[in-house]
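Before any comments, here is the structure.
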Amino acid sequence: MTSSASRGFTLIELMTTIAVLAIGSALAYPSFSNVIKSNRVATSTNNVIAAFNLARSEAIRSNRGGGVCPSADGLACEGTDWNKGFIAFTDQDGGGTWSPGDKVIRFFEPNDALAFSAVPLGAAGTTVEVIPFDRTGRPKTRAQLTVKAATCKTGQEYVRVIELGPAGQTRMKKDTCA
């Protein structure tokens with residue numbers, strides 16, 4: 001007597017399994033993409049705060065000063081476009097701005113999925129080129145830096161506003177897209 005026990009899956013079972021996986025993936029994708037967007041904003045916010053804290057502590061340690069500024073290549077400060085990336089640096093001459101003798105401590109790479117902007121507190125319509133710290137760790141320019149998802153629908157909470165206080169401490173608040 002021969003027994004013809006089948007092994008494996010039938011084509012119908014395989015097609016049904018693939019259909020269920022496709023439907024489940026289609027339902028989960030929007031939620032997953034929102035989690036990714038939220039994590040990008042949170043990570044970049046933490047990088048901005050880390051840059052401020054690093055520049056501030058180096059300013060105190062070196063007894064000269066330090067700062068944070070936009071930079072595309074991580075070698076020097078360049079303009080006012082914070083979307084290119086930014087650096088934390090030690091201000092070797094204590095001048096409060098980037099100069100050729102200053103030392104880059106860390107380069108924070110850009111993220112195309114986010115939009116950055118920096119404005120001085122109380123001076124709407126202007127942008128910040130550098131956020132310097134004096135040798136005691138106090139900022140010479142009080143600033144507000146905004147991190148926002150590049151594709152942000154009205155009402156979504158993918159905006160973080162970081163304010164640099166008069167003593168050098170940072171304060172972060174969540175905001176909604178406009």
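The values are calculated or read from the model by the stated rules, or taken from the named source; none is laboratory data. All values reported here derive from a predicted model rather than from experimental measurement. Cβ coordinates were reconstructed from backbone atoms using ideal geometry, including for glycine residues, and neighbour counts include every protein chain displayed.
A few comments on the model shown:
- Check on residue 76, closer than 18 Å to residue 143 by Cα, surrounded by 12 or more Cβ atoms within 10 Å (Cβ to Cβ), in contact with a strand residue (DSSP E or B) (Cβ under 9 Å, 6 or more places away or on another chain) and at pLDDT 90 or above: no
- Matching residues in segment 61-73 - criterion: being part of a loop (DSSP other than H, G, I, E, B) and either β-branched (Val, Ile, Thr) or buried (at least 20 other Cβ atoms within 10 Å of the Cβ) (or both): 65, 71
- Some residue of segment 100-119 being surrounded by 20 or more Cβ atoms within 10 Å (Cβ to Cβ), at pLDDT 90 or above and over 14 Å from the mean Cα position of the chain (by Cα): yes
- Of residues in segment 57-70 being free of Cβ contacts under 8 Å to residues at least 60 places away in the same chain and out of contact with any helix residue (DSSP H, G or I) (no Cβ under 7 Å at 6 or more places or on another chain), the one farthest from residue 142 (Cα to Cα): 61
- Contact map, segment 157-178: residues that are on the phi > 0 side of the Ramachandran plot paired with residues that are assigned to a strand (DSSP E or B), Cβ distance under 8 Å, separation 6+ or inter-chain. Pairs shown: 168/133; 168/139.
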